[in-house]
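The values are calculated or read from the model by the stated rules, or taken from the named source; none is laboratory data. Computed from a predicted model, the values in this text were never measured in an experiment. Counting neighbours? That spans all protein chains shown, and the Cβs are built from the backbone with ideal geometry, glycine included. Keep in mind that these areas ignore ligands, DNA and RNA; they rest on the heavy atoms of the full protein, side chains included. Shrake-Rupley method; radii C 1.70, N 1.55, O 1.52, S 1.80 Å.
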Amino acid sequence: MQTVHALDPLRNAVADLHKAGAVALVPTMGALHEGHLTLVREAKAQAKSVVVSIFVNPLQFGANEDLDAYPRQLARDSALLETEGVDLLWAPTVEAMYPAGFASNIAVAGVSEGLCGAARPGHFDGVATVVCKLFNQVMPDVALFGEKDWQQLAVIRRMARDLDLTRPAADAVLGVPTVREADGLAMSSRNAYLSAEERQAAVALPAAMRRAIAAIEGGADVPVTLARLQADILEGGFRSIDYAELRDADDLTPLSARSDRPMRLIVAARIGPARLIDNMPVAPG
Ligand code: AMP
């Protein structure tokens, strides 16, 4: 596996990979876990070569968020990616990604609004801007993202469609189902912030979500079920809830009743020092 930290060597390495066949890109912020590695394995199934980026993107962190605390473990991550047979690790410095004078921004309206867009102002502008840059730097034939970040996936697909991107095209932005711990908690680099006690309590989130989904699919009133869901999460040991909503799975329209289209239950809640997000499918009724 080749590792590069600056744009010129990246361009050379990427050109070589493209000569050999299709290229898949897996963008990450590092502190890799089995969820990331599942994206890498799917990427290998999709293309001849796999590029993984590791970049803790300052643009997508708010002023009071965990940019400085976010785990950085490049040597460990690099060894994991080597074992997975990744071809190229793109680990730019902040200066390589945002040289002096950098002044552009990509804002995707609609799907960026509400949910994490409301709780984290500017977050999805930062995500869309860095992902657009990563796409232009690597020019992948396909790019893989986790369904764990459902709204992020919707934002990136919308951007790819709206800006007529071709590498990758919108339909080559692939979503991979969320990988969970044995007890059901979605894997996340931010789970490392939890104490042993908080980690045990955190399972209340997916457990309460599964109960809410069973209720909605069984015909229960949606607002009542969402209120019950919030109470369950707080009783389980979370200290606050940013949001707990039922949304259309594709365009993220808020729903107050079961729909005849695929839906998604989407939650963000805080426990100890961590803000955890999760989402699950809800069957159309
Ligand atoms: P991050 O490093 O958290 O920015 O995540 C990098 C990519 O991995 C994103 O596309 C995430 O959606 C995806 N990802 C993170 N956690 C999981 C998980 N538990 N299962 C599947 N994909 C994930």
(Q) Go through region 262-285 and report how many residues are touching a Lys or Arg at 6+ places or on another chain (Cβ under 9 Å) and crowded, with 18+ Cβ neighbours inside 10 Å. (A) 15
Q: Would you please name the residue that is farthest from the ligand (Cβ to nearest atom), looking only at residues in region 50-77 that are among the polar types (S, T, N, Q) and open to solvent by 30 Å² or more (accessible area, probe 1.4 Å)?
A: N64
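Scan region 31-49 for residues that are open to solvent by less than 50 Å² (accessible area, probe 1.4 Å) and over 26 Å from A170 (Cβ atoms) and jot them down.
Keep residues of region 31-49 that are open to solvent by less than 50 Å² (accessible area, probe 1.4 Å), which gives 31-33, 35-40, 43, 47, 49.
Correct list: A31, L32, H33.
Quick check on my filter: what residues within region 221-242 are among the β-branched types (V, I, T) and either out of contact with any helix residue (DSSP H, G or I) (no Cβ under 8 Å at 6 or more places or on another chain) or open to solvent by 50 Å² or more (accessible area, probe 1.4 Å) (or both)?
Let us first name the residues in region 221-242 that are among the β-branched types (V, I, T), namely 222, 224-225, 233, 241.
The answer is V224, and nothing else.
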Q) With respect to A202, is the statement that it is touching a Phe, Trp or Tyr at 6+ places or on another chain (Cβ under 7 Å) and within 24 Å of F145 (Cα to Cα) true? A) no
**Q.** Pairs with Cβ under 8 Å, 6+ apart, first in region 247-258 and in the same structural domain as I216 (by TED's automatic domain parsing), second among the aliphatic types (A, V, I, L, M) and in a loop (DSSP other than H, G, I, E, B)
**A.** R247/L115; R247/L255; D248/L255; D251/V111; L252/V111; L252/L115
Q | Candidate set from region 134-148 (those that are outside any strand (DSSP E or B) and open to solvent by less than 30 Å² (accessible area, probe 1.4 Å)); member that is farthest from G175 (Cα to Cα) | A | Q137
Q) In region 192-206, what count of residues is obtained for those that are more than 21 Å from F55 (Cα to Cα) and either within 14 Å of the ligand (Cβ to nearest atom) or surrounded by 15 or more Cβ atoms within 10 Å (Cβ to Cβ) (or both)? A) 9
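Each row is one residue, and each column tells you yes or no for (1) touching a residue at least 40 places away in the same chain (Cβ under 8 Å); (2) within 14 Å of the ligand (Cβ to nearest atom).
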| position | (1), (2) |
| --- | --- |
| H123 | yes, yes |
| L134 | yes, yes |
| Q137 | yes, no |
| D164 | no, no |
| R167 | no, no |
| M187 | yes, yes |
| R190 | yes, yes |
Q) Is it fair to say A154 is assigned to a helix (DSSP H, G or I), of a type in the set (G, A, S) and within 13 Å of the ligand (Cβ to nearest atom)? A) yes
Q) under 26 Å from I241 (Cα atoms) and open to solvent by less than 30 Å² (accessible area, probe 1.4 Å): does that describe A24? A) no
Q | Pairs with Cβ under 6 Å, 6+ apart, first in region 26-37 and touching a residue at least 12 places away in the same chain (Cβ under 8 Å), second near the ligand (Cβ under 6 Å from one of its atoms) and part of a loop (DSSP other than H, G, I, E, B) | A | H33/M187; E34/V179; E34/M187; G35/V179; G35/M187
**Q.** Qualifying positions in region 207-220 - open to solvent by 40 Å² or more (accessible area, probe 1.4 Å) and touching a residue at least 12 places away in the same chain (Cβ under 8 Å)
**A.** R210, R211, E217, G219
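Quick check: anything in region 7-18 open to solvent by 40 Å² or more (accessible area, probe 1.4 Å) and touching a Pro at 6+ places or on another chain (Cβ under 9 Å)?
So in region 7-18, the residues open to solvent by 40 Å² or more (accessible area, probe 1.4 Å) come out as 7-9, 11-12, 15-16, 18.
So of that shortlist, the ones also touching a Pro at 6+ places or on another chain (Cβ under 9 Å) come out as 7.
Yes, region 7-18 contains a residue that is open to solvent by 40 Å² or more (accessible area, probe 1.4 Å) and touching a Pro at 6+ places or on another chain (Cβ under 9 Å).
What number of residues within region 169-185 satisfy the criterion of being within 30 Å of A15 (Cβ to Cβ) and within 13 Å of the ligand (Cβ to nearest atom)? Lay out the reasoning, then the answer.
Pass one, region 169-185, residues within 30 Å of A15 (Cβ to Cβ): 169-176.
Right, trim to within 13 Å of the ligand (Cβ to nearest atom) and you get 173-176.
Of the residues in region 169-185, 4 are within 30 Å of A15 (Cβ to Cβ) and within 13 Å of the ligand (Cβ to nearest atom).
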Q. Which ones in region 19-35 are at negative phi, more than 13 Å from the ligand (Cβ to nearest atom) and touching a Ser or Thr at 6+ places or on another chain (Cβ under 8 Å)?
A. A20, A22, V23
